[in-house]
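Below is one structure, written out as structure tokens; the observations come after it.
The values are calculated or read from the model by the stated rules, or taken from the named source; none is laboratory data. Fair warning: this is a prediction, and the values are worked out from it, not measured in the lab. Don't worry about glycine lacking a Cβ; one is built from the backbone with ideal geometry, like all the others, and counts go over all protein chains shown.
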Amino acid sequence: MRLPILLLSLGFTYVVLFGGLSLMRREGLSLRFAMEAVGLTVTVAVLSVLEFYSINPVAFIVVLYLITMRVRLISDIATFFARRASYELADRLYDMALRLWPDPAGRLIVKINQATSLLQREQLDLAIQLLKEVLAGAEQGYLGIKYESAAYYNLAVAYQRKGDEAQAVKAFNAVLDTWPTSIYASYAHQALERRRKKEAGHWRF
């Protein structure tokens, strides 16, 4: 009985730790994540009790992580390919991630990465539309502060490339308001400072 008890302990500890991290990231508690992790843990523990199946505890944690974090992992892989301009493959992987029953936070994270890929391809209107959808979801508390800052920053860049300076400034300031000490806030501050100097130089003449 030692293995089933160990598996149950590991599984429930995993849920508590990752649930706590989600709260710290301001993503809220994911009911789907908890149900998947607990369901898999109980199933494996019961199979172990009945001696139908036995799994190494380390392997169990790895499998639990891969299953519950599948959407974010695939999204990260898609982003890897997008950064190398393999956009067709990246798009297929993003679509796959969205079909794997993501929780609300996972879905928004995939969409941020999709929008960033669109921004790289200068598909500005589509990127803006997707980022606005993401930020609307963030208002419901499903998006961590890191990703919300990234969404506002990418939105600002998209507006800036379109020549919509007023909306760009608004989005850059939203980055500063969301997480003033983030790397995105640093980029936003630099962009606003460049704009201020440009305007000062214009009025000097």
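Per-structure values
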read-out: Subset of segment 97-107 [in a helix (DSSP H, G or I), touching a residue at least 12 places away in the same chain (Cβ under 8 Å) and surrounded by fewer than 22 Cβ atoms within 10 Å (Cβ to Cβ)]; value: LEU98, PRO104, ARG107
read-out: Condition check for GLU165: charged (D, E, K, R) and more than 21 Å from ALA127 (Cβ to Cβ); value: no
read-out: Filtered residues of segment 24-60 (kept if farther than 30 Å from ALA136 by Cα, of a type outside the set (A, V, I, L, M, F, W, C), at pLDDT below 90 and surrounded by 13 or more Cβ atoms within 10 Å (Cβ to Cβ)); value: SER48
read-out: The one condition in (1) assigned by TED's automatic domain parsing to the domain that holds LEU7; (2) of a type in the set (Phe, Trp, Tyr); (3) on the phi > 0 side of the Ramachandran plot that PHE60 fails to fulfil; value: (3)
read-out: Unique match (being in the same structural domain as ARG83 (by TED's automatic domain parsing), at pLDDT below 95 and surrounded by 19 or more Cβ atoms within 10 Å (Cβ to Cβ)) among TYR152, TYR184, TYR147, TYR159; value: TYR147
read-out: Qualifying positions in segment 69-96 - crowded, with 18+ Cβ neighbours inside 10 Å and in contact with a Leu (Cβ under 8 Å, 6 or more places away or on another chain); value: VAL71, ILE74, SER75, ALA78, PHE81
read-out: Residue within segment 165-181 that is among the acidic types (Asp, Glu), surrounded by fewer than 17 Cβ atoms within 10 Å (Cβ to Cβ) and assigned to a helix (DSSP H, G or I) present; value: yes
read-out: Selection from segment 117-128 of residues that are in a helix (DSSP H, G or I) and closer than 10 Å to ALA158 by Cβ; value: LEU118, LEU119, LEU124, ASP125, LEU126, ALA127, ILE128
read-out: Number of positions in segment 32-56 that are closer than 17 Å to VAL16 by Cβ and either touching a residue at least 24 places away in the same chain (Cβ under 8 Å) or aromatic (Phe, Trp, Tyr) (or both); value: 9
read-out: Yes/no for GLU148 being within 26 Å of LEU73 (Cα to Cα), free of Cβ contacts under 8 Å to residues at least 24 places away in the same chain and not aromatic (Phe, Trp, Tyr); value: no
read-out: Test for LYS132: is it surrounded by fewer than 23 Cβ atoms within 10 Å (Cβ to Cβ), in contact (Cβ under 8 Å) with a residue 24 or more places away in the chain and not in a loop (DSSP other than H, G, I, E, B); value: no
read-out: Unmet criterion (only one of (1) touching a helix residue (DSSP H, G or I) at 6+ places or on another chain (Cβ under 8 Å); (2) under 24 Å from GLY20 (Cβ atoms); (3) not in a helix (DSSP H, G or I)) for VAL110; value: (3)
